[in-house]
1. If residue 297 passes every condition in (1) modelled with pLDDT under 85; (2) within 30 Å of residue 125 (Cβ to Cβ); (3) open to solvent by 100 Å² or more (accessible area, probe 1.4 Å) but one, which one does it miss?
2. Condition check: open to solvent by 20 Å² or more (accessible area, probe 1.4 Å), polar (S, T, N, Q) and within 19 Å of residue 419 (Cα to Cα). Does residue 128 satisfy that?
3. Are there helices (runs of 4 or more DSSP H) fully within region 369-476 with at least 1 residues that are under 30 Å from residue 326 (Cβ atoms) and open to solvent by 70 Å² or more (accessible area, probe 1.4 Å)? List them.
4. Consider only pairs whose beta carbons are under 6 Å apart and that are at least six residues apart or on different chains; among these, list those whose first residue lies in region 493-520 and is in contact (Cβ under 8 Å) with a residue 24 or more places away in the chain and of a type in the set (Val, Ile, Thr) and whose second residue is in a helix (DSSP H, G or I) and surrounded by fewer than 19 Cβ atoms within 10 Å (Cβ to Cβ).
5. What are the residues in region 345-368 that are open to solvent by 80 Å² or more (accessible area, probe 1.4 Å) and under 22 Å from residue 505 (Cα atoms), if any?
6. Out of the residues in region 101-125 that are among the β-branched types (Val, Ile, Thr) and within 16 Å of the chain's Cα centre (by Cα), state the one that is surrounded by the fewest Cβ atoms within 10 Å (Cβ to Cβ).
7. Across region 337-378, what is the number of residues that are closer than 18 Å to residue 403 by Cβ and of a type in the set (Asp, Glu)?
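The values are calculated or read from the model by the stated rules, or taken from the named source; none is laboratory data. Note that the structure is predicted; figures quoted are calculated from it, not measured. Cβ coordinates were reconstructed from backbone atoms using ideal geometry, including for glycine residues, and neighbour counts include every protein chain displayed. SASA here: full protein model, heavy atoms, side chains in, ligands and nucleic acids out. Shrake-Rupley method; radii C 1.70, N 1.55, O 1.52, S 1.80 Å.
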Amino acid sequence: MVSNVHGYRLSYVVSLLLPDAWAVMEKRRYSSAAANSTVMSFGASKKDVSGTIMKVGSPIAGPLFMKDFACSQVHWKRGFSSDSGLPPHQEIGMPSLSPTMTEGNIARWLKKEGDKISTGEVLCEVETDKATVEMECMEEGYLAKILKGDGSKEIKLGEVIAITVEDEEDIAKFKDYNPSASGSGATSANEASAPTPPASHKEEVEKPASLPEPKISKPSAAPDGDRAFASPLARKLAEDHNVPLSSIKGTGPDGHIVKADIEDYLASRGKEAPATKPVTKDTSAPALDYVDIPHSQIRKVTASRLLFSKQTIPHYYLTVDTCVDKLMGLRSQLNSIQETSGGKRISVNDLVIKAAALALRKVPQCNSSWTDNYIRQYNNVNINVAVQTDNGLYVPVIRDADKKGLSKIGDEVKNLAQKARENSLKPEDYEGGTFTVSNLGGPFGIKQFCAIINPPQSGILAIGSAEKRVIPGSGPDDFKSASFMSVTLSCDHRVIDGAIGAEWLKAFKGYIENPESMLL
């Protein structure tokens, strides 16, 4: 037994170092094992299990991977032929394509059953909790069976979504394949072959009786004697409706007639309701007309994360008004230069992102995250930008925003926003942010709002719209107008004290009201 175990471990090492030699070895070993109907497992002793498909699972490799993502996240098992008649095949499981993913949806398959697949070809698109990701093939073969078709929802990690085979002639053998059947074949066979013990007389006696029929009092002969026993309330109700007590069979203790017996009798006779219950008109509101919209993956994850944020992070809010006249003037000058050189226009939001990044560099305490053992302060200033799409809310990230020019920031924001609307963001497009900016002012004209912190960050800046206001001039009777924009900073009080949050807003306001300083 020990020598067998060591042999299997040696085979496992050979499989890692010499995959071609391993392919020959495993075919020979499993063809001989099929005659004995046994299951063999690496690093374990041989155990007789008749009628079971042989599988060898490897957690460190797989035929599929996401672009720019580790292929070790893909769940798969390799099956070997046995007396069940199934040829060698691979079960492809739902992979983990983001750190917070627990389940996924199949957006669409780009390959059909029976198609030949080659290394690097895209098999399907998986909708994760963050974006829609392409899954590529790393091995050649044939797609024998698709178990989760287009639009399949809420597929748990590791759940089998497809079967691949090496030989084209093996495709037909998986037409009616069911992954659960292969794992329970032996159990089902053993249960079916086991004789059913004869039922004892005692078991027949103790079988539960069928459910009793609804209790409805029906006219019946009175019990022995002329006297009918009834409760005072039942007698009063019978008199009010001219019901002879001799026609009622009591269901109370010792056959006594109770109020419910009279009411059941009246209901069965078609009489109106008892006089003790006033008749009222049905004043219920008409039924609502509605449509149930299924949750998308991004909607469910957004709801979960924001609920977690509000329940666990002690939010507080700081609001300040900033004059944006100089900012708008500088933007006009820069856009004139951009138009002359053929560049893209710079938006107010691009300037806000730059100002927020520089303020974080000046007040690094706000560029931090809370943990149970320490506060982690980041050296990189990566700004997430909230983007609303038809699928939900996305927050792509501008990395090292404090070191980039306005034109570069503007280009990245536009490209990432377009990818978010197309649901094609990759993990590197939205992971690793240290602070978030949400702007509802320019697009929607919202004057001021308080945003929810995006964990594990400790701050988020809410940008309102700019509006003209009349302000005092230099003289007592002198007035002038200026444009002001309201901004609100949401802070995690565990990380950012009130004075630190105020210091950050002061720095941000300085960059907005003196935008030339951002260019230094």
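1. Result: residue 297 passes all but (3).
2. On the way: open to solvent by 20 Å² or more (accessible area, probe 1.4 Å): no; polar (S, T, N, Q): yes; within 19 Å of residue 419 (Cα to Cα): yes.
It is false that residue 128 is open to solvent by 20 Å² or more (accessible area, probe 1.4 Å), polar (S, T, N, Q) and within 19 Å of residue 419 (Cα to Cα).
3. The qualifying helices (runs of 4 or more DSSP H) are 406-421, 441-444.
4. Listed pairs, sorted by first residue: 500/365.
5. Across region 345-368, the qualifying residues are 361, 362.
6. Per the criteria, the residue is 102.
7. Step one: of region 337-378, the residues closer than 18 Å to residue 403 by Cβ are 346, 350-364, 366-367, 377-378.
Those still in the list that are of a type in the set (Asp, Glu) too: 350.
The qualifying residues number 1.
Here's the yes/no breakdown for (1) among the charged types (D, E, K, R); (2) part of a strand (DSSP E or B); (3) farther than 27 Å from residue 502 by Cβ:
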residue: 303; (1), (2), (3): no, no, yes
residue: 310; (1), (2), (3): yes, no, no
residue: 328; (1), (2), (3): no, no, no
residue: 336; (1), (2), (3): no, no, yes
residue: 339; (1), (2), (3): yes, no, yes
residue: 345; (1), (2), (3): yes, no, yes
residue: 351; (1), (2), (3): no, no, no
residue: 358; (1), (2), (3): no, no, no
residue: 361; (1), (2), (3): yes, no, no
